[in-house]
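The structure appears below as structure tokens.
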Amino acid sequence: MTIFLLIALGYLLGSIPFGVILTRLFGAGDLRQIGSGNIGATNVLRTGRKGLAAATLILDGAKGAVAVLLARHFVPELAEPGAMLAGAAAMIGHCYPVWLKFRGGKGVATLLGLSFALGWPIGLVFAAVWLGTVLLLRISSLGGMVGAVSAPVAALAFGYPAYALGLAGLAVIVLWRHRENIVRLRAGTEPRVGSKKQDNAA
């Protein structure tokens, strides 16, 4: 019964729309009416408030990490599956939050946070691939997707096979949430970081 409660808690934790809360709290407007309408840090950055964007990124990542750590603490006998399920619930909550009629973010930051909590080498590879791709190609959405796909690969490479399948499933969700970005990438119209067309990106 405890694991189901932790999954529910993970989902509700993941559902907290920190981007929406912070932009409203600090007078930056309704995030859902800005840029792409996404609730993540990339869209918060379009308000011109870099501090709010950084805070959103950290808090969205923390949702996944906290869910994993709570599961390990309260259900130690199910450490690996419990942590994976709770973290996955948090990411699903971020992508499909009950408070916003199930219209949430794309899950990259939350997946990064839970990856670090599952195993720091997994999170480190994820972060390095994500940032490296963005710095090299200047396409935020592509960096997030490639980083997400790298997580299950890193799990296998660094000896965390129990997490690989779950992370692969979450990476598929990230790709699905980026389906419009994928269409633009294939058409060569996906905006680059710093471009004037960036309002349509992730």
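The values are calculated or read from the model by the stated rules, or taken from the named source; none is laboratory data. The shown structure was predicted, so the numbers you read here are calculated from the model rather than taken from an experiment. FYI the Cβ positions are ideal-geometry reconstructions off the backbone, even for glycines, and counts take in every protein chain you see. SASA here: full protein model, heavy atoms, side chains in, ligands and nucleic acids out. Shrake-Rupley method; radii C 1.70, N 1.55, O 1.52, S 1.80 Å.
Among the residues of region 1-18, the ones that are of a type outside the set (V, I, T) and in contact with a Gly (Cβ under 6 Å, 6 or more places away or on another chain) come to 3 in all. If you check G147 against the conditions, is it within 20 Å of A79 (Cβ to Cβ), surrounded by 21 or more Cβ atoms within 10 Å (Cβ to Cβ) and modelled with pLDDT of 95 or more? When the stated conditions are applied, G147 does not pass them. When region 126-144 is filtered for residues that are open to solvent by 40 Å² or more (accessible area, probe 1.4 Å) and either outside any helix (DSSP H, G or I) or over 17 Å from V193 (Cβ atoms) (or both), the ones remaining, listed by number, are A128, R138. Only residues that are free of Cβ contacts under 8 Å to residues at least 12 places away in the same chain and among the aliphatic types (A, V, I, L, M): list them for region 125-152, please. Listed by number, the residues that qualify are A128, L135, L136.
Is it the case that V44 is under 11 Å from the mean Cα position of the chain (by Cα), under 15 Å from G19 (Cβ atoms) and open to solvent by less than 30 Å² (accessible area, probe 1.4 Å)? So V44 fails the test. Of all residues in region 42-51, exactly one satisfies the criterion of being in a helix (DSSP H, G or I), touching a residue at least 40 places away in the same chain (Cβ under 8 Å) and either touching a strand residue (DSSP E or B) at 6+ places or on another chain (Cβ under 8 Å) or not β-branched (V, I, T) (or both), namely N43. Among the candidates V183, V172, the residue that is in a helix (DSSP H, G or I), at pLDDT 95 or above and farther than 18 Å from G107 by Cα is uniquely V183. Filter region 89-103 for residues that are in a helix (DSSP H, G or I) and either at pLDDT below 95 or open to solvent by 20 Å² or more (accessible area, probe 1.4 Å) (or both) and give the result. The answer is I92, V98, W99, L100. Residues in region 47-66 that are buried (at least 17 other Cβ atoms within 10 Å of the Cβ) and within 13 Å of the chain's Cα centre (by Cα): 9 in all. If you check L112, L156 for being farther than 18 Å from S36 by Cβ and open to solvent by 70 Å² or more (accessible area, probe 1.4 Å), only one passes: L156.
Residues of region 1-41 that are of a type in the set (S, T, Y), open to solvent by 40 Å² or more (accessible area, probe 1.4 Å) and not in a loop (DSSP other than H, G, I, E, B): T2, Y11. Only one entry in A154, A164, A128 is out of contact with any helix residue (DSSP H, G or I) (no Cβ under 8 Å at 6 or more places or on another chain), over 18 Å from H94 (Cα atoms) and modelled with pLDDT of 95 or more, namely A128.
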